């Protein structure tokens, strides 16, 4: 009877939980699909908005004789710009600047006095980049009205191909605020237009503090967009810390991303309110079963107590096992990653490199004249030296995605995913200088400063998902390390056969 009642109780409870969980999962799936559809539709709307703006800019560019802003007749061009602006609701203003950043023409049909835009980011961008493509910049404040606008610009070239100025269109942030206000969203639901460098152009719910906020550290950029140009997921917003169910889409034409997020706690609250009748019915049924079961459960009390003790013991054993597994990946002396963790991390980084096309760089490091150091100061001091050098390498300013490991003996290694070899060379030199600055005495060193120094070799490789990738990058970094030693030690060298 006890087993039967217990089985009945568990069966009803599990069925109720399964039903409720399925209902909640369906709510999440519907929210994810809605978020994806909303982000895709708004990405297309943004593409249309910026495509219309680009077409307008190219029409203005074609209207300038030979791309020479000196030949522009402002009296004729200003009314044309004003008419073009009136045709597109998103346009806040249209402007033409010469190569010095001076205003040549604008849709306001008036020329400001003593205003020069050569200091603007978009102007510097076109002056330094000869590309014939539009540039969408960060949100700026208009010097005419003080309103927030998004600059969209196009480079002007003279007959010789040199820089002769900029054609600029500004899109009012209020345009997106007005457009996004048509959607029925909750108070804490989110709809954001973002540049692909992580800079927010407009975010609903609106807050001026969100403008130009960089969210490149959000899971949207660190995980989701590295896997697909559109998708869905749940994470805590980098803007306000609220957990949301997100959908996102990247524009195929412009450097734009749209993300839509629904407030997960609010969805949970609405689902819970709608599920109250089911919860009440299930609760009543469970109460009846519990009352019936109480008469017989005393008989199994001892067994339950024993089961709890076994569960606690299992949890303790699990915790001990997890601790041992973690210790197996750490070097016992320095506390850095050991050779096993290094090999696993390097293999994973190279596989990810094969998928993303971004290179992996490896720095191999060796303490100079370490054997004479041990002979002079003893092995205990040698261990202390290894601990100090490891601490210096660990405290270097690097990304959370990097790995510092003790490779073996007096050798260390740093794995740098998504890093060009030249950037790894900069970090290697910082490591060389940091160890030298630690001023660990080494009277047996053949170098004049009589301090502990290191040599470092760098090598970069784009993964090809081949078994030989790990061997190749280690051989390249090791060859560079020995070149650094041949060149006099206390230095960092990049491999001459770098594969990037």
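All of the numbers you see were taken from the coordinates with simple rules; none came from a lab. For clarity, every value in this text was computed on a predicted model and none was experimentally measured. For neighbour counting, all protein chains shown are included, and Cβ atoms are generated from backbone atoms with ideal geometry for every residue, glycine included.
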Quick check on packing: order 360-372, 425-437, 265-277 by the mean number of other C-beta atoms within 10 Å, highest mean leading. 360-372, 425-437, 265-277
Take the Cβ-Cβ distance between residue 133 and residue 44 as r, set R0 to 30 Å, and report the resulting FRET efficiency rounded to the nearest 0.05. 0.95
Kirkwood-type radius of the stretch 1-149, with distances r between different C-alpha atoms, in Å: 20.0
The chain: radius of gyration over Cα atoms, expressed as a fraction of 2.2 N^0.38 Å: 1.36
What Kirkwood Rh does the stretch 14-89 have if only Cα atoms enter the pairwise 1/r average? Answer in Å. 16.8
Return the equivalent ellipsoid semi-axes of the stretch 1-274 as a descending list in whole Å, where each equals the square root of 5 times an eigenvalue of the C-alpha gyration tensor. 50, 17, 14
Using alpha carbons only, how many angstrom separate the centre of the stretch 325-385 from the centre of the stretch 36-98? 55
Treat the stretch 339-494 as a sphere of radius equal to its Kirkwood radius over Cα pairs and apply Stokes-Einstein at 20 °C in a medium of 1.002 mPa s; give the translational diffusion coefficient in µm²/s, rounded to a whole number. 137
Could you work out the equivalent-ellipsoid semi-axes for the stretch 144-196, taking the square root of 5 times each eigenvalue of the Cα gyration tensor, largest first, in whole Å? 35, 13, 8
Once the Cα gyration tensor of the stretch 85-159 is diagonalised, semi-axes √(5λ) in Å: 19, 15, 13
Likely footprinting exposure, 309, 54, fewest C-beta neighbours within 10 Å first: 309, 54
Tell me the relative contact order for the chain as a rounded percent, counting alpha carbon contacts under 8 Å between residues six or more apart. 11
Which whole-angstrom value gives the distance between the alpha carbon centres of the stretch 394-457 and the stretch 207-251? 35
